[in-house]
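The values are calculated or read from the model by the stated rules, or taken from the named source; none is laboratory data. Owing to the predicted nature of the structure, the values given are computational and were not obtained by experimental measurement. No Cβ is skipped: glycine too gets one built from the backbone with ideal geometry, and neighbour counts run over all protein chains shown.
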Amino acid sequence: MANLDLLQRLGALAMRRVLTTDYISTGVDYPHEDIQCLSIESGSVAVIICNHVLEHVPDDDRALAECSRVLKPGGTAFFTIPGNYERLETETYDGPEPANGHYRHYGFDVVDKMKRHFSFVDAIDMSRCAPARWKVRRPEYVFQCWKGRLAGPVH
């Protein structure tokens, strides 16, 4: 599925326009955005989908704070990040790893980090709910974070 097709499908589901941003790509609505310092207006975004970004920024706390800032009250953010979620502690590097540009390899303590910026965080193991044909490795999490009111199940 092409990115444009995915964006059109998301827009149809949401019944509104889907806006995109990227630090490097220019073919987006908000080019050259640094997730650690967004130019997007506070409280203006209903849903954020952040796929494999946090591990690439020096200050992931600042990035999470920025996502929370731009999110509307009652809004939700979805984060996917690589990690070893069978361990608790995140492994942090002195700088970006030459092989992949990662500043850290997350452990399950990332949930506590997210809870500092969002009212509620749910860790969903996608390998348990995705069809087998998708071959999602175990465990592979998406972290759903809500701002403001409690909107999801209590864990």
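Among the residues making up region 89-118, those that are among the aliphatic types (A, V, I, L, M) and at pLDDT 95 or above are V110, V111, M114.
Per the conditions (1) in contact (Cβ under 8 Å) with a residue 24 or more places away in the chain; (2) buried (at least 16 other Cβ atoms within 10 Å of the Cβ), the sole criterion not satisfied by T90 is (1).
When the residues of region 45-59 are filtered to those that are of a type outside the set (A, V, I, L, M) and buried (at least 17 other Cβ atoms within 10 Å of the Cβ), which remaining residue is farthest from C145 (Cα to Cα)? Selected residue: H56. Residues being surrounded by 14 or more Cβ atoms within 10 Å (Cβ to Cβ) and not in a helix (DSSP H, G or I): count how many of those fall in region 60-87. Qualifying residue count, region 60-87: 13.
The residue that is surrounded by the most Cβ atoms within 10 Å (Cβ to Cβ), among those in region 1-44 that are touching a Lys or Arg at 6+ places or on another chain (Cβ under 9 Å) and modelled with pLDDT of 90 or more, is I35. When V47 is tested against the conditions (1) under 22 Å from L19 (Cα atoms); (2) touching a helix residue (DSSP H, G or I) at 6+ places or on another chain (Cβ under 6 Å); (3) in a strand (DSSP E or B); (4) among the hydrophobic types (A, V, I, L, M, F, W, C), the lone failure is (2).
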